[in-house]
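Visitor: Before I ask anything, let me first share the structure, which is written out below as structure tokens.
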Amino acid sequence: MLSLVKKAISGDTDAFLELMDINQPSMLRIAHGFFSQEEDIADAMQDTILDAFEHLSSLKEPRYFKTWLMRILINNCSHIYSKNKKYVSLEKITPDAEAHTQAPDTPLYRFYELLSYISEENRLCFQLYYGEGFGTREIADILHMKESTVRSRMHREKIKLKSKLLKDGYIPLYGKEGTQS
């Protein structure tokens, strides 16, 4: 992907389009985390692709292209959210559009179901870390916060999530030897 980024920076529009194709699934998942309305998602995607194309020359380090692109997307989603005030939390909608076509016993469906247990304030951290594979340092850069803040938010939410799953019976209370812990 690094060679595609370098080609795109040097003006190769086909390389840029290929990068957008590669990153589209991640972008859609993140946009679905913000919005339930397809129009808002489409606006965020369109604005992000345009902004990325127009500002590609400002990318200082090609290896951080995906982080840079996701930051643009999140900024655009935040802008659209502020402008339209159409945000609907994940608890109120069916999990991500990709999960709509998934049976309830698939990993993708379960992932979005678990995201609904996480506070709205910290959900994006989880989505970027577990859903998109970003590290805590990259998430901190994307969300403009300290890496220690990302780690502490993730830690607190993991504790709450584990407690919720234990309470609901999704995690057994038994240790390795079959004895109760």
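Visitor: Of the residues that make up region 16-30, is at least one open to solvent by 40 Å² or more (accessible area, probe 1.4 Å), more than 29 Å from N122 (Cα to Cα) and among the charged types (D, E, K, R)?
Guide: The answer is yes, given that some residue of region 16-30 is open to solvent by 40 Å² or more (accessible area, probe 1.4 Å), more than 29 Å from N122 (Cα to Cα) and among the charged types (D, E, K, R).
Visitor: While we're looking at this one, here's another question. So is G133 of a type outside the set (A, V, I, L, M, F, W, C), open to solvent by less than 70 Å² (accessible area, probe 1.4 Å) and at pLDDT below 80 or not?
Guide: Details: of a type outside the set (A, V, I, L, M, F, W, C): yes; open to solvent by less than 70 Å² (accessible area, probe 1.4 Å): yes; at pLDDT below 80: no.
It is false that G133 is of a type outside the set (A, V, I, L, M, F, W, C), open to solvent by less than 70 Å² (accessible area, probe 1.4 Å) and at pLDDT below 80.
Visitor: Can you tell me which residue is modelled with the lowest pLDDT among those in region 93-116 that are open to solvent by 80 Å² or more (accessible area, probe 1.4 Å) and under 20 Å from D168 (Cα atoms)?
Guide: Only one residue fits best here, namely P104.
Visitor: What number of residues in region 44-66 are open to solvent by less than 70 Å² (accessible area, probe 1.4 Å) and either over 19 Å from the mean Cα position of the chain (by Cα) or over 13 Å from L19 (Cα atoms) (or both)? Talk me through it step by step, then tell me what you get.
Guide: Keep residues of region 44-66 that are open to solvent by less than 70 Å² (accessible area, probe 1.4 Å), which gives 44-45, 47-49, 51-52, 56, 58-59, 62, 65-66.
Next cut, either over 19 Å from the mean Cα position of the chain (by Cα) or over 13 Å from L19 (Cα atoms) (or both) only: 44-45, 47, 51, 56, 58-59, 62.
Residues meeting the conditions: 8.
Visitor: How do the helices (runs of 4 or more DSSP H) wholly within region 115-168 filter down when requiring 2 or more residues that are farther than 19 Å from Y64 by Cβ: which remain?
Guide: Working: elements: 120-126, 136-143, 147-167.
The qualifying helices (runs of 4 or more DSSP H) are 120-126, 147-167.
Visitor: Looking at R29, R63 in this structure, which one is modelled with pLDDT of 90 or more and not hydroxyl-bearing (S, T, Y)? Break it down stepwise before answering.
Guide: Details: R29 fails: modelled with pLDDT of 90 or more.
Just a single option satisfies the conditions, and that option is R63.
Visitor: With the condition kept exactly as written, say whether any residue in region 76-87 is assigned to a helix (DSSP H, G or I), open to solvent by less than 90 Å² (accessible area, probe 1.4 Å), closer than 25 Å to E38 by Cα and modelled with pLDDT of 90 or more.
Guide: yes
Conditions tested, residue by residue: (1) among the hydrophobic types (A, V, I, L, M, F, W, C); (2) over 27 Å from K60 (Cβ atoms); (3) part of a helix (DSSP H, G or I).
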position: D14; (1), (2), (3): no, no, yes
position: I22; (1), (2), (3): yes, no, yes
position: S36; (1), (2), (3): no, yes, no
position: A42; (1), (2), (3): yes, yes, yes
position: D47; (1), (2), (3): no, no, yes
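The values are calculated or read from the model by the stated rules, or taken from the named source; none is laboratory data. For clarity, every value in this text was computed on a predicted model and none was experimentally measured. Quick reminder, even Gly has a Cβ in these numbers, built from the backbone with ideal geometry, and neighbours come from all protein chains shown. Ligands, DNA and RNA are stripped out before the accessible areas are found, and what is left, the full protein with its side chains, is counted by its heavy atoms. Shrake-Rupley method; radii C 1.70, N 1.55, O 1.52, S 1.80 Å.
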